[in-house]
Amino acid sequence: MSIDEKERQALIQALVAELSASEPLHLDYEMIEAYVDGRSDAIDREIVSSHAAMCAMCGRELRDLETFAAQHRPRRNWLPFAAAAIAAGLIIAIIPLLRPSATVLSLHDGGREISLTTDGQLAGINGLTSDDARRITNALRAGSLTVPPAATQLEKSGEALRSTYSSTSSFEPLAPIGCIIVSDRPTFEWTSVPGARYRVEVFSDHFRPVVSSGELGTTHWTVPQPLARGATYVWQVTAIGSKGETTSPAPPVPEARFAVLDERNAKAIARLEQSQPRSHLALGVAYAEAGVTAEAERELQELAGENQGSADARRLLQSLRSH
Amino acid sequence: MRDGLDPQLESLVAARDDLARATALESLLTEIADPVIRRSLFHRLGAREPELDDIRGGVMLRLMRKLDELQRGVSEPIASFTDYVAIVTFHAADDFLRRKQPQRALLSNRIRYLLTHDTRFALWHIERDLVCGLAKWRDKPPRPRPLDPADANERQLGDSLARIFARTGAPLAFHDIVALFAATSNVADGNTPLEDADLRELAPSAFEQLESKQTAEHLWREIEELPARQRTALLLNLREAGGGSAIPLLTSTGLATAEQIADLVGIPPAELASIWNDLPLDDNTIASRLGATRQQVINLRKCARERLARRLSKR
């Protein structure tokens, strides 16, 4: 075993040991209650929402207590209530005079509170371009996202390919398939064939050769030079063994297609990742509308996790999934 | 001897060969841990719980992992092994009950919420037990009283509690109140199958398979996808088998440059270089970097593991 391979094995062992370590996390009642009451800090909110999304038991308990808490307003002494009612009355009376617009929805997003007012103003998130703000506002108002048809088309081609492979072959391409990717230097992955070496070939949408890997000993390969942005590609991997060569996917199986995100959207997303690294809403909407659906799903799941009781966050996620 | 280490653990930590290690481990598990586990589970679940052996086995497995980490110097010292065993067992029993009796767990949470949010009532601790009653009784010990099932109506929890406390005239053990409502609320958890509450416990071999099936590159890409705080909590504490930081392995294997790692853990490259020899960082140091508590860092790391487990299991 080479030194490099030894180090690689040591790294994998460290990661596996880390993943297998220690007791599992479950949310205790105090953590759930603090989350429901809005008393958790941003870190605990992340912990609670992250775990509740993974654990059926804790997720169910969290949702149940949220529902219960919403239905059972705490009984208080009448005096503070009366004072609150009077204050609320005054505020209601003053509001028309000051003419601020009302909040129509609000969401927790990366530890912040983002709200949308009746006149379409986003509050709680700074540094957006007018385009980004408009996209988010429209998505929140409509409760839906617009995914480009090209992304939908690509996804369908990917589903067609995967459904074929699940029943006929064990040597298959894994990624990228049926998606738009942000990086212009994708890493290709495929399943292994014992004892084989491999060759990856990337073609243009019109099946002109673009780049080839040469022979590889691994089941992944990253393109050394950037691919053209906005272009769609087809790729194949060939296993070279002692008994000959096998190429996958090969006709009549559908092609493995993917597209590289176009220049304009790639820049917009890079800028947003820089300026709003913690905003699942902003990133989720941007990814979705650029057609980068896997990343959009991840961000919107995070958003829904942070807003367990919110139909608005859930609606965006459902919209993405049903496009 | 290590500071803050329970003297009972000294023979394990000092063991220099496999035989000495196995002997110390067996002694700790059979002579110290097992009686504590059995006693705790008996008090919590009774002696007839059919899954008692499984729960005990699960606790033993966790203890063995912890003791292995301790022996390798990758875990912080345990000040009281007996207390540690009791806490691990308590959580294991609690998790078991929550999974086995999910409806009862929901009911318990609702009652507890009402007791702490309705100003008529209060909930307090007497030693390790939860006690509840009218607010004016706070901190008084419970006085067992016969309870009338007719007073308990889950649909009117607040009024029911007021009725029960008016009749008893004294604080009650919280679990007695939960038992009363559970008995009268058609809580039917008896045949509920245990669910997949902990991916790692139910599929312990899943991660071991990674060594053969997954590549370091794939694991690394999944780590890159983690939320920033979870990634930082995981990476800054990541250790290789000898207890040193695993981060240098990332650079030496070409998986990531120091600059990329610095970016991923939110530390300027120059600063990362300055603490390179101090890696892995302990939880308190990571906590101060993240503006978190030590427990939050531990929980962030657990969240990271869960996410990785879920994502890897989907492949």
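What follows draws every value from the coordinates through simple rules; no lab data is involved. These figures come from a predicted structure and were not determined experimentally. As a convention, Cβ positions derive from the backbone with ideal geometry for all residues, glycine included, and neighbour counts pool all protein chains shown.
Within chain A, A:C179 have no other Cys Cβ under 4.7 Å of their Cβ and so lack a disulfide-compatible partner by this rule. Under 5 Å from the amide H of B:R239 lie the amide H atoms of B:A246, each residue being 5 or more positions distant or on a separate chain, with H modelled from the backbone and absent for Pro and chain starts.
The convex hull defined by the C-alpha atoms of the stretch B:201-313 has an orientation-averaged projected area of 7.1 nm². Take the Cβ atoms of A:K243 and B:Q260, set R0 to 51 Å, and the FRET efficiency comes out at 0.80.
Taken along its principal axes, the alpha carbon cloud of the protein assembly as shown reaches lengths of 86, 81, 52 Å, longest axis first.
Here is the list for the stretch A:238-291: trypsin sites (Lys or Arg not before Pro) lying in DSSP coil, each with at most 15 other C-beta atoms within 10 angstrom of its C-beta, are A:K243. Charges on Cβ only, +1 for Lys and Arg, -1 for Asp and Glu, centred on the Cα centroid of chain A; of A:M31, A:G195, A:A266, which one is farthest towards the dipole's positive end? The one lying farthest along the dipole's positive direction is A:A266.
Shown here for the stretch A:175-279: GluC sites (Glu not before Pro) in loop regions (DSSP other than H, G, I, E, B) with at most 14 other Cβ atoms within 10 Å, namely A:E215. Stretching the chain fully between A:K156 and A:L105 yields a gain of 15.0 nm (0.36 nm per residue, less the alpha carbon separation). With each label modelled as a point 7 angstrom along the Cα→C-beta vector, the A:T218-B:R39 pair spans 5.5 nm. Annotation: amide H-H contacts under 5 Å for A:F188 (H modelled 1.01 Å from N, sequence separation of 5 or more, or interchain): A:W221, A:T222, A:V223.
Label sites at A:A294 and B:D176, each approximated as a point 7 angstrom past Cα along Cα to Cβ, lie 5.8 nm apart. Counting 0.36 nm for each residue step from A:A56 to A:N126 and taking away their Cα separation leaves a gain of 21.7 nm.
Under a 5 Å amide H cut-off, with hydrogens placed 1.01 Å from N, A:V210 pairs with A:V202, A:F203, A:S204 among residues at least 5 apart or on other chains. Rg ratio for the stretch B:270-315: its Cα radius of gyration over 2.2 N^0.38 Å, N being its residue count, equals 1.43. If only the Cβ of Lys and Arg carry +1 and only the Cβ of Asp and Glu carry -1, the dipole of chain B around its Cα centre is close to 1200 debye. With Cα atoms defining each centre, the stretch B:256-289 and the stretch A:121-187 are spaced 33 Å apart in the structure.
The residue among B:L28, B:G57, B:S80 whose Cα reaches farthest toward the positive pole of the charge dipole of the stretch B:1-92, with charges on the beta-carbon of Lys, Arg, Asp and Glu, is B:G57. Only Cα pairs under 8 Å and 6+ residues apart enter the sum, and on that basis the relative contact order of chain B stands at 13 percent.
Projected over all directions and averaged, the alpha-carbon convex hull of the stretch B:103-184 occupies 4.7 nm². The distance from the alpha carbon centre of the stretch A:203-224 to that of the stretch A:264-296 is 27 Å, rounded to a whole number.
Under Stokes-Einstein, with the Kirkwood radius over Cα pairs standing in for Rh, what whole-number D in µm²/s applies to chain B at 10 °C and 1.306 mPa s? Rounded, D is 69 µm²/s. Return the tail of the calculated pair distribution for chain A, meaning the percent of Cα-Cα pairs more than 33 Å apart. Of the Cα pairs, 45 percent sit more than 33 Å apart. Under a Cβ-only charge scheme (Lys and Arg +1, Asp and Glu -1), can you give me the dipole magnitude of the protein assembly as shown about the Cα centre, in debye to the nearest 20? Value, rounded to 20: 1740 debye.
Projecting label points 7 angstrom from Cα along Cα→Cβ for B:D17 and B:D282 puts them 3.3 nm apart.
Please state the shape class of the stretch A:150-260: rounded when a/c is under 1.5, otherwise prolate if a/b exceeds b/c and oblate if not, all from the C-alpha gyration tensor. Taking the square roots of the gyration eigenvalues as a ≥ b ≥ c, the stretch A:150-260 is oblate. A Cβ-based charge dipole, computed about the Cα centre of the stretch A:150-260 with Lys and Arg at +1 and Asp and Glu at -1, lands at about 80 debye. In order along the stretch B:243-259, the Karplus-derived 3J(HN,Hα) couplings, from 6.51 cos²θ - 1.76 cosθ + 1.60 at θ = phi - 60°, round to x, x, 5, 8, 4, x, 5, 5, 7, 5, 8, x, 6, 8, 8, 4, 5 Hz, and Gly and Pro are given as x. Restricting the stretch B:12-112 to trypsin sites (Lys or Arg not before Pro) that sit in a DSSP loop and have at most 15 other Cβ atoms within 10 Å of their own Cβ leaves B:R16, B:R48, B:R72. Cβ crowding within 10 Å ranks A:S213, B:S27 as B:S27, A:S213, fewest other Cβ atoms first.
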